[in-house]
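The values are calculated or read from the model by the stated rules, or taken from the named source; none is laboratory data. All values derive from a computational prediction rather than experimental measurement. With ideal geometry, Cβ positions are generated from the backbone for all residues, glycine too; neighbour counts draw on all protein chains shown. Protein only, heavy atoms only, side chains kept; ligands, DNA and RNA dropped before computing areas. Shrake-Rupley method; radii C 1.70, N 1.55, O 1.52, S 1.80 Å.
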Amino acid sequence: MRRAALAIALALFDASAAAQSIEYVYTKFNAKQCKHTKGRAVEDYGSWLCPGYKNLPVRLSAGDQRMYVTFGPLAKDNIAGTQTLGGFNDVYEGTVEWRIEKRADGSERPFATILRWNVVTADDREKATGPIKPSGRVLVVTRLGPGGTCHVGYVDGRSKDANERARRVADERARTFKCETDKAEYAD
């Protein structure tokens with residue numbers, strides 16, 4: 001009896017998973033065209049609210065030569081607004097790839113984003129004779145709530161198959177990633 005119930009449950013799960021597809025939409029932002037709120041301290045450059053996908057805005061903030069990017073409403077479980085990369089970085093403008101789960105009933109749910117960040121490398125610092133121009137690129141995969149908004153993984157944006165690798169991280173990890181306990185990793 002248990003085997004029959006398990007077989008039925010697995011068949012329903014497989015049918016439900018097969019009925020879902022993953023689609024994507026691109027949106028662009030440029031902080032110069034977004035609503036800016038000035039910072040309050042010397043190394044606080046402020047925050048920007050930019051249009052995103054449907055009702056999910058892109059939220060930028062910056063300070064101390066680093067940026068923070070999050071999506072959607074600011075909430076207690078929106079951890080991405082406090083996450084950045086270790087080295088100096090920027091993402092004042094970019095293209096967001098929104099990964100969207102299309103359900104069998106026709107509804108859709110954005111579950112992750114992929115965004116290319118500019119990162120200052122050790123070579124950039126060594127060769128700089130003036131302002132440092134970042135040559136490093138990192139694709140940051142961010143999980144979208146409910147259940148938390150946070151970084152899921154990082155992909156070297158200069159690698160040959162970076163976009164495909166980032167999509168794989170988003171599609172395979174973002175929906176089950178637990179922001180409070182799981183650690184974002186560099187994807188191979």
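In plain terms, the chain is cut at each of the GluC sites (Glu not before Pro) found in a DSSP loop with at most 13 other Cβ atoms within 10 Å, and the longest leftover piece is 44-179.
At an R0 of 30 angstrom, the distance between the Cβ atoms of residue 133 and residue 74 translates into a FRET efficiency of 0.45. Calculate, for residue 186 and residue 104, the FRET efficiency according to 1/(1 + (r/R0)^6) with r their C-beta to C-beta distance and R0 25 Å; round to the nearest 0.05. The value I calculate is 0.15.
Phi angles across the stretch 91-101 convert, under the Karplus curve 6.51 cos²θ - 1.76 cosθ + 1.60 with θ = phi - 60°, into 3J(HN,Hα) values of 7, 6, 8, x, 10, 9, 9, 8, 8, 10, 8 Hz, Gly and Pro given as x. Between residue 93 and residue 168, the modelled labels are 3.2 nm apart [label points 7 Å from Cα along Cα→Cβ]. Look at the alpha carbon pairs under 8 Å that are at least 6 residues apart: their mean separation over the length of the chain gives a relative contact order of 16 percent. Within the listed set 79, 132, 22, the residue fluctuating most in the Gaussian network model of the chain (springs between alpha-carbon atoms under 10 angstrom) is 132. Only one of the listed values, (1) -0.86, -1.40, -1.52; (2) -0.91, -1.13, -1.17; (3) -0.81, -1.25, -1.36, was derived from the coordinates as log10 I(q)/I(0) by the Debye sum over Cα atoms at q = 0.14, 0.18, 0.19 Å⁻¹; which label is it? Checked against the structure: label (3). Between amide H atoms placed 1.01 Å from N, distances below 5 Å from residue 121 occur with 135, 136, all of them 5 or more places distant or on a separate chain.
Against the chain, whose longest principal axis is taken from its Cα atoms, helix 2-19 shows a tilt of about 50°. Accessible surface calculations at 1.4 Å, restricted to protein heavy atoms, place the chain at 60 Å² per residue. The chymotrypsin sites (Phe, Trp or Tyr not before Pro) found in the stretch 57-164 that occupy coil by DSSP, while having at most 16 further C-beta atoms within 10 Å, are 92.
Within the stretch 90-144, the trypsin sites (Lys or Arg not before Pro) that combine a DSSP coil assignment with at most 13 other C-beta atoms in a 10 angstrom radius are 103. A Cβ-based charge dipole, computed about the Cα centre of the chain with Lys and Arg at +1 and Asp and Glu at -1, lands at about 320 debye. Could you tell me how far the Cα centroid of the stretch 141-159 sits from the Cα centroid of the stretch 38-107, in Å? Answer, in whole Å: 11.
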